[in-house]
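Q: I'd like to ask you about the structure that follows.
The values are calculated or read from the model by the stated rules, or taken from the named source; none is laboratory data. Only a predicted model underlies this, so the values are computations on that prediction, with no experimental measurement involved. Here the Cβ positions follow ideal geometry from the backbone for every residue, glycine too, while neighbour counts run over all protein chains shown. In case anyone asks, the SASA skips ligands and DNA or RNA and just uses the protein heavy atoms, side chains included. Shrake-Rupley method; radii C 1.70, N 1.55, O 1.52, S 1.80 Å.
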Amino acid sequence: MKRTRLLRRLSQLAIVALIAVLFVGSLVMAGFWREAWLAYWPEFVEALGQYFPPKLYFGLIPFVDVGRYYRFVNEAGLIGEAGITLAIALAGTIMGAPLALLFGILGNERVTPFPLNFLFRGVMSIIRSIPSLVWALIYVPLGGISPVTATLAIGTDTIGELGRLLTDELEEIDDGPIEGIRSTGAAEPQVITFGMITQIVRPFIAWAMFILENNVRSAVGLGIIGAGGLGVTLSIEQQTFQFTNMMATILFIVLLVLSVEMVSQRVRSYLREGDDEERSSFYQLVVGFPERMSDSLLK
C-alpha cells in the first residue's frame, strides 16, 4: 500500500516537473525573458490611459469616459460593420453546413464501407488542420482579401469542423430505425434520409449554432487582415494608435459575440434538454469570452 502511494506521488511529481520544464522552455523559445519588451512598459501604461479614458462624473465619481466610446461607435458606423461581420459568419456557416452533412454521412461506415469512409474523414481532417485565416489567403486569387473570400474561407472551415462533429454523432445513433426502414425494402437513400438523418436533426442544429459562434469570432479575425467588418476598423485604429477608438471597437466586438453566443446557447439549451453545461449564465459567458475568442482566432 505504501509502495503504491509512493509510486503514485513520484509519478505525479514527475508529471508536474515535466510540465514546468515545458513551460519554462516555451517561455524561452517565445523570447519571454528578453528585456526588450520590458523597455516598452511605460508606453503600455500610457496607452492604458487611452484604452480607458478617465472622466469625473458629477465632479466626484471617477470612471471611464463612456461618451467617447459612444461617439466613435456612431461616427465609425460600427453597427453597419458589425452587420458585415455577422453576414460573413452566417453566410459561411449556411454555405458549409450542407456539405458538412454530406461529408459526415459519407464518412460513416454504415454508408461508405471501410476503408473508403476514411477518405472522406481524411478530407475533413485536412480542412480542419488549415485555419480559416489560411483558407482566406488561399482564396486571394479570386479577388483579394474581401468579404467574399472571407465567406468562402469560413464556409470551407465549417465543412471540416461541423462535418467531423456530425460523423461522431452518426456513430452513436440507434441501429433500430435503420434496420426497420431497411426491412421495408427501402432504397439506400431512403434509409439514410429517414433512418439516419432524422436521428441527428437536433444535434445538427445544435452543432451548427455552436459553429456559428466560432465563425463570428473568426470573421473578426479575418477582418483584421482586411476582409471587412469590425476587424478592419480595429486594425485601422490600432495602426494609427487611436487606442480609445480601438477599445471602443473591441467592446463592440464583445457585445456582438456575446449576443450571438446567448442566442446560440439558448437554442442549444432548448434542443439538449437536461444538459446543464449548455445553460451558461450571462456571467459565465462574459468571463469565458477571452479564452473562446483566442481559441477561435488561433484555429
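Q: Just to verify a result, which residue in the stretch 165-176, among those that are free of Cβ contacts under 8 Å to residues at least 40 places away in the same chain and of a type outside the set (Val, Ile, Thr), is most open to solvent (accessible area, probe 1.4 Å)?
A: Once the filter is applied, the top-ranked residue is GLU172.
Q: Another one. Select, from ARG182, ARG202, the only residue that is among the basic types (Lys, Arg) and at pLDDT 85 or above.
A: So the residue among ARG182, ARG202 that is among the basic types (Lys, Arg) and at pLDDT 85 or above is ARG202.
Q: I'd like to check which helices (runs of 4 or more DSSP H) are fully inside the stretch 23-132 and have at least 3 residues that are open to solvent by less than 30 Å² (accessible area, probe 1.4 Å).
A: Counting at least 3 such residues, we get 66-75, 78-106, 117-129.
Q: Hey, another quick one. Give me the pairs: first residue in the stretch 244-263 and among the aromatic types (Phe, Trp, Tyr), second residue in a helix (DSSP H, G or I), beta-carbon distance under 9 Å, and six or more apart or on different chains, which are they?
A: As it stands, the answer is PHE252/TYR69; PHE252/VAL73; PHE252/LEU78; PHE252/ILE79; PHE252/GLU81; PHE252/ALA82; PHE252/LEU230; PHE252/THR233, since those pairs meet every condition given.
Q: Residue under question is PRO147, and the condition is that it be within 20 Å of ARG217 (Cα to Cα), open to solvent by 40 Å² or more (accessible area, probe 1.4 Å) and in contact with a Gly (Cβ under 6 Å, 6 or more places away or on another chain); does it hold?
A: The answer is yes for PRO147.
Q: Restricting to the stretch 221-256, name every residue that is part of a helix (DSSP H, G or I) and among the β-branched types (Val, Ile, Thr).
A: Residues satisfying the conditions are ILE224, ILE225, VAL232, THR233, ILE236, THR244, THR249, ILE250, ILE253, VAL254.
Q: Restricting to the stretch 175-208, count the residues that are among the polar types (S, T, N, Q), part of a helix (DSSP H, G or I) and over 35 Å from the mean Cα position of the chain (by Cα).
A: Number satisfying all stated conditions: 1.
Q: In addition: Which condition from (1) closer than 30 Å to ALA227 by Cα; (2) touching a residue at least 24 places away in the same chain (Cβ under 8 Å); (3) charged (D, E, K, R) is the one that GLU75 breaks?
A: Result: GLU75 passes all but (2).
Q: Pairs only if they're at least six apart or on different chains, beta carbon under 6 angstrom, first in the stretch 219-231 and surrounded by fewer than 24 Cβ atoms within 10 Å (Cβ to Cβ), second hydrophobic (A, V, I, L, M, F, W, C); list them, first residue then second.
A: Partner pairs satisfying both residue conditions: GLY221/LEU297; ILE225/ILE145; GLY226/ILE145; GLY228/ILE84.
Q: Among the residues of the stretch 155-164, is any among the aliphatic types (A, V, I, L, M), closer than 23 Å to ALA97 by Cα, in contact with a helix residue (DSSP H, G or I) (Cβ under 8 Å, 6 or more places away or on another chain) and open to solvent by less than 60 Å² (accessible area, probe 1.4 Å)?
A: Checked against the condition, which is being among the aliphatic types (A, V, I, L, M), closer than 23 Å to ALA97 by Cα, in contact with a helix residue (DSSP H, G or I) (Cβ under 8 Å, 6 or more places away or on another chain) and open to solvent by less than 60 Å² (accessible area, probe 1.4 Å), the stretch 155-164 yields at least one hit.
Q: Next up: Is it true that some residue in the stretch 119-131 is β-branched (Val, Ile, Thr), in contact (Cβ under 8 Å) with a residue 24 or more places away in the chain and closer than 21 Å to VAL191 by Cα?
A: no
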